[in-house]
Structure formats: structure tokens, C-alpha cells
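Here is the structure we will look at, set down as C-alpha cells.
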8 protein chains.
Amino acid sequence: MQLNVYLSGEIHSNWRDAIAEGVKAAGLDVTLTGPNTNHGASDDCGDDILGAEASNFWKDHKAAKINALRTRKLIGDADIVVVRFGDQYKQWNAAFDAGYAAALGKSLIVQHDPSLTHPLKEVDAAALAVCETPQQVVDILSYIHRDQ
Amino acid sequence: MQLNVYLSGEIHSNWRDAIAEGVKAAGLDVTLTGPNTNHGASDDCGDDILGAEASNFWKDHKAAKINALRTRKLIGDADIVVVRFGDQYKQWNAAFDAGYAAALGKSLIVQHDPSLTHPLKEVDAAALAVCETPQQVVDILSYIHRDQ
Amino acid sequence: MQLNVYLSGEIHSNWRDAIAEGVKAAGLDVTLTGPNTNHGASDDCGDDILGAEASNFWKDHKAAKINALRTRKLIGDADIVVVRFGDQYKQWNAAFDAGYAAALGKSLIVQHDPSLTHPLKEVDAAALAVCETPQQVVDILSYIHRDQ
Amino acid sequence: MQLNVYLSGEIHSNWRDAIAEGVKAAGLDVTLTGPNTNHGASDDCGDDILGAEASNFWKDHKAAKINALRTRKLIGDADIVVVRFGDQYKQWNAAFDAGYAAALGKSLIVQHDPSLTHPLKEVDAAALAVCETPQQVVDILSYIHRDQ
Amino acid sequence: MQLNVYLSGEIHSNWRDAIAEGVKAAGLDVTLTGPNTNHGASDDCGDDILGAEASNFWKDHKAAKINALRTRKLIGDADIVVVRFGDQYKQWNAAFDAGYAAALGKSLIVQHDPSLTHPLKEVDAAALAVCETPQQVVDILSYIHRDQ
Amino acid sequence: MQLNVYLSGEIHSNWRDAIAEGVKAAGLDVTLTGPNTNHGASDDCGDDILGAEASNFWKDHKAAKINALRTRKLIGDADIVVVRFGDQYKQWNAAFDAGYAAALGKSLIVQHDPSLTHPLKEVDAAALAVCETPQQVVDILSYIHRDQ
Amino acid sequence: MQLNVYLSGEIHSNWRDAIAEGVKAAGLDVTLTGPNTNHGASDDCGDDILGAEASNFWKDHKAAKINALRTRKLIGDADIVVVRFGDQYKQWNAAFDAGYAAALGKSLIVQHDPSLTHPLKEVDAAALAVCETPQQVVDILSYIHRDQ
Amino acid sequence: MQLNVYLSGEIHSNWRDAIAEGVKAAGLDVTLTGPNTNHGASDDCGDDILGAEASNFWKDHKAAKINALRTRKLIGDADIVVVRFGDQYKQWNAAFDAGYAAALGKSLIVQHDPSLTHPLKEVDAAALAVCETPQQVVDILSYIHRDQ
């Protein structure tokens, strides 16, 4: 079984590396993808490529749409979407990705600290697994690959 | 033109009433729907109906799924989904609804204070209109109904 | 909110009547549908209408397909599919309906005695609610209709 | 013609091996997949990976959903779903898979002893072939590969 | 249960009337639709409305497309498509409608004389019922409406 | 047969009135819809409702998206989309609507002067009818409603 | 551009070979597929594999469904479906394939003698090209591969 | 990330070459496709392959449909559709492609001179990026491929 797994959410910690290392150590046939994690480039790509905007709204708008070119392609190709919520920022884009993936019929894994259970209950309810650690995500990916 | 409009998001202010009154005053053929806005009932419905859980996770899980029975039906029937973000709470369910509606191909209107523009840029980028006030939502619904 | 609810499964007890009475008592705008519950007619309809078969396989085959004309229409029109498992018979058609409804994206409610939890775990996992009694099904339908 | 074939159902006999050997002997370009057939691991994966539950319901629930991550991927990728019913256990998950596959438009082959014809009539009615032995499944896969 | 039933195929006998009378006599909530059964108008509508063509190919082409405006709408709205094959003409449009309906997931009933079984085997194989007479079609529609 | 027909394209001549009158005179059960035909309001709705933009690009962008709320709803509900091309303006929105409708599987009727045949050949190729006059559109709608 | 092309219809002449040779001579990146062209095996596969039937109807039924396992897979994978009508047999399966492919949104090429234009007008109307010879099919496949 | 990008629109300037060179220089894993850019062959292919027509309408019609065999395949396989509008010709086929791609859920990039902003506002509103130069298209493709 070959799996495409999109890693959505928090871009300020090394959780994607932890999953990548776990997947590699387990020898799984998993392709991991995700958003551009360079925060500055992600915010500025619209102005940088298409020209500077006078208002922040349109600067953000152009950038968000260019990033959507990447996100939609990779979520569209994913078998499983993993969404991690951290303890900083609003992270509405992560919840948006979760809703988007759910409506496409993608299998969803959510990963967050138990302290976030209540505000994330609607997101968790749409998931096939709710993990507390990246290692649990790796363990699930390993489990569903096992032959016996 | 008859329109079904689902009003997602904030349940602690009277913004739904403002839109309902504006729609009524304008005489529009619009059916407004939304989630259960009774916060306590929404949190407790799983335990109340199906029996009490020992853990908060499963209490929330059962409640969120029962609420999803309503939400999925009404978003599925909607022509337009309006999502409002306020200044309180995490509101990940609102962003989840926005992503869910976008992936279903529903037309999206987002309504929030300009101070939230940056964290909502991915949600706004998926919308056909970004409003600052409920009145602007009413004005758009009125405009798209006009004969000339 | 108007709901179409298909009641799949057990045809030997009066659980459909219990739900119909509960829905009526609560004044809900719910249309209840279900399979033909006349066991003999359901088994014999193929031979009765199209002519007798020499083998039981083809007799069953013709009957099952004629019944599928009804089932597919009503499940296709349903917002929610309720599947009840009782303590008799194989009930593979009920589990088939549950899988069929799940793949169509229909919201699923399963109702069964807790003693069946383990063999029904895959079916329950696809449901938005798992009830023990018909009354709980009614309570859920009532809850998702409430205005406040 | 390359075919992906998912083998659903009974995990206590060696029928999957029989099909695998037949496919190999016939030199067919067929990729066979299936559920995790380790009964213990399949039951315990939720508690093992995500932590022990106090109730059997939630233990089963977590396990069933993790197994669904695998099942949905493999059924989604399958051209043909073969479902076998044996003479033990409730096997509602097999019937659920059959309904799920049918609603996705997958071609269905059912394999069971003729003694099960009556309770399986609705499942058989959705199939393109009803076999009595694993060898017949192999013969069909061979036949549809033939050049002349 | 309200049903939309499209009656495709033979336009030279009164089989549609027989079904219409049977449906009326049984008091069924069935809306019957079908193609334009005026052979001359059906052949000439392209030239009559859009101007005469010099070649028969384009005359037929324009007419067939205008008729398709009707056929696609009515098959698209149908719950069940009944296709009758008679003993005259090529009737490739009837077989085309059957394939079209099958791929849309419409329930299919085929009606023809047993002498046509062999050349119609692929069409029959896609149907939920194969009838020999219009009365059998009526009997099936009556059966799937029965309350008990 | 009840038909929803969306009239896309040229907003500077009275062709929609001609079709409306013809449909009324023929007593057809046809609901005609179309875009907002008030050119000024259509251009200014974004600035008027959501606030003035400094750049023409964003002014046009906001207006086009608000108009899309109407267009997508009405094309989505249409059985047939009629697109008329006149002799003025670029009319890229009309060709966009034609492509959009074609990809949704809507039946397409194109109406234009024969002098535009060559540049419209790709649009015409996707249509079920190519008319030269509004009266021909009415004649087609009348024809597909006839009983005999 | 790599193309999968399914060749449906007549199995008694060598038209598939003519296309295969033309495609090979032109060096096109085209994979040609088709039904089992061994008439006897195609008719008998149900009885041969699953056991003899007493009635011709069920013999044909089982065979047609086993052949459908192949046909649905290959049409589902095709970019273009070519359907040829010859001068013998009823060929309803060819017309069924054409309708099936059309409803799936597959591009359709029909090939037949001009003498069959009138009875095939509905099938031709759904096609992107109507050819008189297999060589014209090859010429079209060559044309759509050209770089300039 | 591997991307399929279809380049629609203007065939009289070298903009496709500019993008191809930019993509190659940046070492991106992008497959570029597009329509047949030989204007004469594109216009004449219907008559050349299938025989000469007496009327220009049918000559154009046959050619447009043969070209659609290519266009639909390549747009269907594309992740991103880039549509360029130049300063010559009607270019309704480009706008048609944009609408077609949008309705299929393809990500859209539009490229044109700012002088065309107003007549292209509906097309631009459906795009994830509006570029003024081919180099900006390359910059976006490069950006969405970056690792960090």
C-alpha cells in the first residue's frame, strides 16, 4: 500500500520532521506533503510575484490564493490528511483544511493536545483518529501498512 | 429566485437576528438556517440523549456528531453559506464549516471585523464576498435578487 | 427543517411504529420511509410478477432486485438512514444498506442492543449516532429540529 | 489489463491464499489487497496506539476507525471487490463493505456457500458474479484477462 | 412514494398507453414521461426550426440533438427508466438510452419478448427487472408502492 | 415538463423579452432566469455594498464575485442554458458561462448571427442547438414540450 | 499525450486490427482495449465457470455480467470510446456502450457506413466524430497527437 | 510535486515557449500541454480527415469537435489551467476553456494585459491568480514547488 499523506496546520514547530523521521524509520511507502512552511514567503508571495498592493486585505488575498494553488493540488492527491493544532495563533486555515478534506471524502487524522478537545470537537468528530502526539500518527500509518 | 442561506459561526451575538430582520424588511425569498444556538444543549445533547460519558472527550464526541446530523443536512441544502467570525472563542467549527462548504462547491460569504483579516486570509480567499457587517450580507442578498 | 428518514433493518418487531408515533407526538416535519415489511411478499414478488423460477437462487435474485427498485429510490432520497439490528436472522441486508448509505454520504444512525457492539463496530464507526432504543432515535430527530 | 482486487470478509480461513496462488499460477496482472487479517491486532489497535478505553464501545470504536483508514483507501483504489461470507460470526462488516463498494460503483463479486443464498439475496443481487468457491473467483479473473 | 418513470424505446405500438392506464387504475403516484412519439416531427424538427440541410446526415444530426434536449432532461429527472424493445427497426436509440441511464445510476427495467433475450443480454444484465409485458411493468410499479 | 432556462450573454438588446413573450404566448411551463441586466449596478455593486476600491482591478473583482453569487445559483438550477452573442463588446463572460455550463453537463443552446460562426465554433460544438434568432429558441422550447 | 482508447462493437471483422496497425505505424502513444472478441467464450463463460443453467435467460445473464466486469473496467479507464456498427446482428450492446460512455463524460467516436446514418442519429449526435472507415479513426488519433 | 499545466488561449505569439523555457530553467517537475497551435490544421482537420463540407458551419463544427477530443483530455488531466488573452481575435474559445475548467474544479491562472481587466472581470474572478506576463506564471509555478 502506497499512501499520500498531507500534513496540514502548525508551521512553527518540528512536528512534520518527527513524522517524516518516524515514517522513514518504519520503512513505510508514504509520501508526505504539506504547505509552504516559510511563513514570510507564504505571506509575501502575492506582492513579490504579482506586484505590491496598497491594502493588507488584497496583499493577503493574493498570497492566500497562490498558496491555494499548492494546497488544493496536494489535498486533492492525498489519501489521508493529518491536521495538527498547536497552542499558538488562530489556525483557522488548519480547520478550513480539515473541513475541506472532510467534504472531499478524504480520511482525516487530527493531532492536538487534550486541552483543546472542547473547541475542536466538531473537527475531531469528522476524523478517523484523534492523536495527542506525532508519534501516534506514525504508529497509525505503520499499523495500516502491516501485512499481518 | 429562492435562496437557502446557512448562517454558520458565532452563536453569542444577535447577528443572525440582524440578518433575519434585514431579509424580512427587504421582502426577499430567502430561507435562513443555522446551527442550534443554545450553547448548553449543543454541548450536552450526546449525554442527555444517549447516556452520560465518563470522559469529556467522548461526551464532546457524541454531541458533536449529533449536531453534525443537523449541520450536514442544512449545509447540504444551502445555496449560500455565510460564516461569521467574532472576537471570542477559537471558532474552529466555523472555519471547518467554511472549508466543508467550499469543497462542496457552495457559494461562501465571510463576515468579520477587518482586524481578523490576516488570520482569516485563507478562508476569505475561498469566499465570493467578505463583509464587515451583517447589513452588508443583507445588501448582497438584496442585490442578487433585484430584477433590474 | 424537513427531513426524509429511511428506516432500514429488522422487519419482525414494531420499532418502526414506535418511531412513527414518537415523531408524530413531537410534531416533527419528518417523512419516514422503509422497505416492504411484508416478509412473504418481499420473498415472492419476483416469481409472483415475472413468473416462477425452478431454482431458489434465481427466485431470490429476481425478488431482491425488484425490492432494490424501492430501496435505492428511498435511500437515495433520504437525509438520514436509520439501521436497526435485532437479535434474529443474519440481517446482512441491513448492514449492506448501512454501507451503501455511508458511501453515498448519507448521515447514518444505528440502533441496536449493546450486546451487539463488537460485531457491529465497523457499522457503528460509520454512524453519527449509535442508539440503544427507538426512543433515542426520536429524541435525536427532535433535538436536531429544535429552534433554540 | 491491470486489476486491483480487494478481498473483503472472512479472516479465519485461507481463502485469500487460495486466490493469491491461483492468480499467481495463472500469471495475471492482479494486485490483491485486503483488511488486516490479524484478529487480535485489529481489535486492539485503538487502545494499543491511542491509549486504553474504560468501555468496550469506545475501544471498538477507535479500533474500527483506524481499520477504516486502511479499508477505505484500498476499496477506493479497487477495480473489483470480492466479498466472502463463511459459516461463522455475524460478518456484518463484510456486508457493510459490499454495500459501500456497490454505492461507489465498484464491480462486486460475492463468494459463499449455496446454503447462504437466501439471507444474502440482497448482496448477491448487487454483484456481477456469485461464486461458490475461491477457484471460481480465480477463473473469472483469468477469463476477463484473456486476449481471445 | 412519488416516482418519475421515463418510458424509452418503441414508438409504434401503444405500450405507453397500456402502462399509463395500468398506473392510473392502480392509483399510483407515478409521473410517466417519454420521448416525442410523433415520428415525423421527431425526424424533421431540426430542418423545420433551424432551416433545411442539404445532406441527410446533418438533417438527422440537428434533429437528434434537439430531441436530446428533451431526453436528457427527462432521463435526468427519472427515478426509473423503462426501455422497451419491439420487433421492428434497429432501436439503437433505445439501447443508447439504457446505457446512458445505467451510467447515471438510474434504476432500469427492460421489457421485451423472450425471443430477444440473446441480443439483449448486456442490456438485461444492467436491469433490475426484465419484463415480457407492459402489465408486468405496472405490477412492479404497484408492488414497490405497497404499504404492507 | 417544467424547464428552468438561464439566458446568458448580451444585456444591451431586448432578446430576453422576445423569448419571454414567445414562451408566454406558447403557454410553456418554463421559468426564465438571467444575470442582472442593469449594467451600471452590475459594475458598481462591489464598491456600493462593500466600500470603494482605489484600483479598478479590485473594484471589478469584488463586483464580479458578487454577481457570481447569482450566476452560479441560477446556472446550477438550470436545465438548459441559452447563450446569446451580439455584435458588441468582448462578451468573454458569455463564453465563460457556456464553458461553465457545458462542464456541469447542462444542455446548451447558442444563439448568434451566422457571421460569428467561425470564432464561436468551439462554443457551438458544445451546444445541442445553434440558433440564429430568439424565435428559434422559443420554437425549440415549444417543440420539446409537445405531447405528440 | 498518452491515450487509452476502448474499441467497442462489431467482433466479426478485423477492424480492431486495422486500427492497431495504423496506430503502430503512426507511432502513437495509444493503448487499445476492447471486449473479449471470442464469441463462443463470451457466450459460455457464465456456464463454464459458475455451472450450467437450465434456461437460456440465466445462462446469458451470468455471461453478460462476467463480461461486464471487463467492459466496465476498460470503459472506465478509457479517454476515448470508439464504437463501430457493422451490417450484421442487432448490436444493442454497442449502442448500450455508447450511451454508457456518453453518460460517464467519455469522448465518443462512432464508426459506421453512411447507410446506417438514420437509425444511428441519436448515437452520432452524442459523438465528437463520426467516421466511415477505421483509417479515419486512426487519422483522428494521429491528428490529436501532433505537436504542431 | 508533479504538476500538469494546460496552456489555453492565444496561438499567435510565443508565450507558451516563454513559459516552457522558464519552467525548464527553474528545473520544475511540470508537464506543459496545450491545444494544437497550427491554425490552418486546426481549422481544416474536419474536412481533411472526414471529407469536405459544403457549408462553413459544418466544416467548423467537425473541426471544433475533433479539436475537443484533444482539449477535453488535456484539461481533464490538468492540475492547473492557464488561460492567456491577447489583443487580437475574439478568443471566445479561451473564455470557454476558462469556464469549463472552473466548473471542473481546476485551479485557474489567467494572464493578460491590464487593459483587458474590465471585460475579463468574470474570468479573473474565477482565477487563483491574475498575471500580466508569462514570467509571472513561471514565478508562481516555481513558488508553489519550493521546499521552504
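Of everything in segment B:11-22 that's more than 13 Å from every other protein chain (Cβ to nearest Cβ) and surrounded by 15 or more Cβ atoms within 10 Å (Cβ to Cβ), which residue is nearest to B:ILE66 (Cα to Cα)? That would be B:TRP15. In this entry, G:GLU122 passes the filter for residues that are of a type in the set (Asp, Glu) and either touching a Gly at 6+ places or on another chain (Cβ under 6 Å) or facing chain E (nearest Cβ under 8 Å) (or both). Considering only segment A:83-95, I want to know if a residue exists there that is among the small types (Gly, Ala, Ser) and assigned to a loop (DSSP other than H, G, I, E, B). Yes, there is a match, as at least one residue in segment A:83-95 is among the small types (Gly, Ala, Ser) and assigned to a loop (DSSP other than H, G, I, E, B).
Table: residues versus (1) in contact with a Lys or Arg (Cβ under 6 Å, 6 or more places away or on another chain); (2) among the basic types (Lys, Arg); (3) more than 17 Å from G:THR33 (Cβ to Cβ); (4) at pLDDT 95 or above.
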position: G:VAL83; (1), (2), (3), (4): no, no, no, yes
position: G:ALA94; (1), (2), (3), (4): no, no, no, yes
position: G:TYR100; (1), (2), (3), (4): no, no, no, yes
position: G:PRO114; (1), (2), (3), (4): no, no, yes, yes
position: G:ASP124; (1), (2), (3), (4): no, no, yes, yes
position: G:GLU132; (1), (2), (3), (4): no, no, yes, yes
position: G:ILE144; (1), (2), (3), (4): yes, no, yes, yes
position: G:GLN148; (1), (2), (3), (4): no, no, yes, no
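Considering each residue of segment D:4-11 in turn, none proves to be aromatic (Phe, Trp, Tyr) and over 15 Å from the mean Cα position of the chain (by Cα). Consider segment H:23-65 and keep the residues that are aliphatic (A, V, I, L, M) and either part of a helix (DSSP H, G or I) or touching a His at 6+ places or on another chain (Cβ under 6 Å) (or both). The one that is surrounded by the fewest Cβ atoms within 10 Å (Cβ to Cβ) is H:ALA25. Against the definition (in contact (Cβ under 8 Å) with a residue 60 or more places away in the chain and not hydroxyl-bearing (Ser, Thr, Tyr)), how does B:ALA78 come out, yes or no? Yes. Considering segment A:10-53, the residues that are of a type in the set (Gly, Ala, Ser) and farther than 30 Å from D:THR33 by Cβ include one that is modelled with the lowest pLDDT, namely A:SER13.
Among the residues of segment F:52-64, just one is more than 8 Å from every other protein chain (Cβ to nearest Cβ), farther than 13 Å from H:HIS118 by Cβ and either hydrophobic (A, V, I, L, M, F, W, C) or out of contact with any Lys or Arg (no Cβ under 7 Å at 6 or more places or on another chain) (or both), namely F:ALA52. Looking across segment A:67-82 at every residue that is of a type in the set (Gly, Ala, Ser) and assigned to a helix (DSSP H, G or I), the one that is farthest from D:ALA63 (Cα to Cα) is identified as A:ALA68. All conditions but one from (1) more than 10 Å from chain H (Cβ to nearest Cβ); (2) over 13 Å from the mean Cα position of the chain (by Cα); (3) under 30 Å from G:ALA102 (Cβ atoms) apply to F:ASP48; the one that does not is (3). Tell me which residues, restricted to segment D:77-110, are buried (at least 24 other Cβ atoms within 10 Å of the Cβ), of a type in the set (S, T, N, Q) and more than 9 Å from chain C (Cβ to nearest Cβ). Of everything in segment D:77-110, just one residue is buried (at least 24 other Cβ atoms within 10 Å of the Cβ), of a type in the set (S, T, N, Q) and more than 9 Å from chain C (Cβ to nearest Cβ), namely D:SER107. Restricting attention to segment D:1-10 and to residues that are crowded, with 20+ Cβ neighbours inside 10 Å and not in a loop (DSSP other than H, G, I, E, B), the residue that is nearest to the other protein chains (Cβ to nearest Cβ) turns out to be D:LEU3. Does B:VAL137 meet the test of being under 23 Å from H:GLU122 (Cβ atoms), outside any helix (DSSP H, G or I) and touching a residue at least 12 places away in the same chain (Cβ under 8 Å)? No; evaluated as a whole, the condition is false for this residue. May I ask you to verify whether G:VAL110 is more than 28 Å from D:ALA102 (Cα to Cα), part of a helix (DSSP H, G or I) and within 13 Å of the chain's Cα centre (by Cα)? The answer is no for G:VAL110.
The values are calculated or read from the model by the stated rules, or taken from the named source; none is laboratory data. This one's a predicted model, so the numbers in the text were calculated from it and none came from an experiment. Cβ atoms come from the backbone with ideal geometry, glycine included; neighbour counts cover every protein chain shown.
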